[in-house]
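Chemist: Could you have a look at this structure, given as C-alpha cells, before my questions?
The numbers here are math on the coordinates, done by the rules we state, and not lab data. Not measured: the values here are computed from a predicted model. Reconstructed Cβ throughout: ideal geometry from the backbone, glycine too, with neighbour counts over all protein chains shown.
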Amino acid sequence: MDAYELIARNTAEVVTEEEVRALSDDPEGKRAYVGYEPSGVLHIGHMLTANKLIDLQEAGFEIVVLLADVHAYLNDKGTFAEIRETAERMQEQFVAYGLDESRTEFVLGSEYQLDEEYVLDLHALELETTVARAQRAMAEIQRGEHAKVSQMVYPLMQALDIEYLDLDLAVGGLDQRKVHMLAREELPSVGYDSRPALHTPILADLTTGVGKMSSSEGVTISMEDSREDLDEKVNAAYCPPTADPEPDDDGNERENPVLQIFRYHVFPRFETVVVERPEQYGGDLTYDAYAALEADLDSGELHPADAKSALAGYLDDLIAPGRAVL
C-alpha cells in the first residue's frame, strides 16, 4: 500500500484528506502525536491508537507520545508523584508493545506546560474561547455530574500542546474529535497554525456490543491480563454469527467487538492469522486479510467460538511483552 493508505487505514475520520495526503507525499521527519493521561495500566484503547502510531512510524513519521501528567492532575487522577510513576511504566509498556524507541519521543507535559510562555499562551486562548465552546470540547473528558473548572482548561491545553510539541499531525480516538476541532478553530486566534488530525474508531462494549468499551466501566482488556484472563474475557464477549448484528431490545445499535479487535488490533500487526480447528470441523483456517475472516463468520464457515479462541491467542502475543514490565 502507498503512504497515504498506510497512514489512513483503519481510521474513523481523516481531517482533512487533502492535508493528510500532502503530509503523505513527504512524511520523513514529520511529527505526529497522541497524548495519554498516565492514570493506569495500558488498555486496549491505548493500544488502538498505538497501532496507528506504529503505522505512522512505518510511513516515515517521527512519533511524540505526550505523557500528560498535568492533564491527569487536572482530571483528579492522583498526586504528581503517583502520576509520574505511572508515566514511567506506561513508557516502558509502549516500547514493549511495539513503538520504535529510536523514533519515539516521550514527553511529560510538566516539562513545558508550567513554563511562563505556555501559561501566558493558555490565558490568551482562554480569552478567545467561549465557555460554551470549551464545554463542548470537554464533554468526553468530564465524568459524573460535577464538572470542575480544571476540566474546562484541559481541552484548551490539548489544543496548545499541538503547537508546543511542534507537530504536523494529531492522532486520537474519535472521542478526541471535539478537542481537535477546537484546536483547528482556536489556535489561529492566538497566532498559531491549525493541524490535520486522524481519529481512530471507538471499540464497542465487550460484553454487549453497545456503547463504548471502557476501562472505568464494564470489562476491558489491558496489559495486566493473564492468558487466563484473556480467555475468560474473550469467551464471554458478544460475538453473534454475523458481521451485521441486530439492535438490542432497546433499539441500540450493536457492533461485534470480536471482529473489531481482529480488524483494528490483530490484522495490522500480523501478516497472517490462523484459526486453529480440529480436522473433524474442517481444519485450520488461514487469513491474509480481515475482510476474509469477516466474510467467513458471516457465512457460517467460521464459528464464533473458534474466532474467540484465536483472538485470545493473538491478544496474548501482543500484550505479553508489556505485561512483563508491570
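Chemist: Which GluC sites (Glu not before Pro) in segment 238-281 sit in a loop by DSSP (not H, G, I, E or B) and have at most 13 other Cβ atoms within 10 Å of their own Cβ? Working shown, then result.
Modeler: Details: sites: E253, E255, E271, E276, E279; in loops: E253, E255, E271, E276.
Qualifying residues, ordered by number: E253, E271, E276.
Chemist: Within segment 1-70, which GluC sites (Glu not before Pro) sit in a loop by DSSP and count at most 12 neighbouring Cβ atoms inside 10 Å?
Modeler: Numbers: sites: E5, E13, E17, E18, E19, E28, E58, E62; in loops: E28.
Listed in order of number, the matching sites are E28.
Chemist: Distance in nm between label sites at A291 and T16, each 7 Å beyond Cα in the beta-carbon direction?
Modeler: 2.9 nm
Chemist: Same structure again: Taking only the alpha-carbon atoms of segment 208-320, what semi-axes of the equivalent ellipsoid follow from 5 times the gyration tensor eigenvalues under a square root, in whole Å, largest first? Could the numbers behind the result be given before it?
Modeler: Details: eigenvalues 93, 71, 31 Å².
For segment 208-320, the semi-axes come out at 22, 19, 12 Å.
Chemist: On to the next question. Using the number of other C-beta atoms within 10 angstrom as an exposure proxy, rank L285, L174, L318, L259 with the fewest first. Show your work: numbers first, answer last.
Modeler: Working: L285 18, L174 15, L318 21, L259 24.
Result, fewest neighbours first: L174, L285, L318, L259.
Chemist: With springs connecting C-alpha atoms under 10 Å apart, model the chain as a Gaussian network and identify which of Y314, Y192, Y154 has the largest mean-square fluctuation.
Modeler: Y192
Chemist: At 222 nm, what value in deg cm²/dmol follows for the chain if DSSP H runs of at least 4 each add -39500 (n - 2.57) and the sum is divided by all its residues, to the nearest 500?
Modeler: Working: 13 runs with 145 residues, N = 326.
Mean residue ellipticity at 222 nm (helix-derived): -13500 deg cm²/dmol.
Chemist: May I pose another question? Within 10 Å of each candidate Cβ there may be at most 10 other Cβ atoms; applying that plus a DSSP loop requirement, which trypsin sites (Lys or Arg not before Pro) in segment 1-87 survive? Each step should come with its number before you reach the end.
Modeler: Details: sites: R9, R21, K30, R31, K52, K77, R84; in loops: R9, K30, K77.
Of the trypsin sites (Lys or Arg not before Pro), not one in the loops of segment 1-87 has a Cβ with at most 10 other Cβ atoms within 10 Å.
Chemist: Now, a different point. Name the most mobile residue of Q91, Q135, Q57, meaning the one with the largest mean-square fluctuation, in a Gaussian network model of the chain with Cα contacts below 10 Å.
Modeler: Q135
Chemist: I'd like to know which of I319, P278, H303 lies farthest towards the positive end of the charge dipole of segment 231-326, counting +1 on Cβ of Lys and Arg and -1 on Cβ of Asp and Glu.
Modeler: Of the candidates, I319 comes out farthest on the positive side.
Chemist: Using Cβ counts within 10 Å as a stand-in for footprinting exposure, how do D121, D166 rank, fewest first? Let's see the in-between values first.
Modeler: Working: D121 20, D166 9.
Least crowded to most crowded, the residues run D166, D121.
Chemist: What list do you get for F61, F106 if you sort them by fewest beta carbons within 10 Å? Walk me through the intermediate numbers first.
Modeler: Values: F61 25, F106 18.
By the 10 Å Cβ count, ascending: F106, F61.
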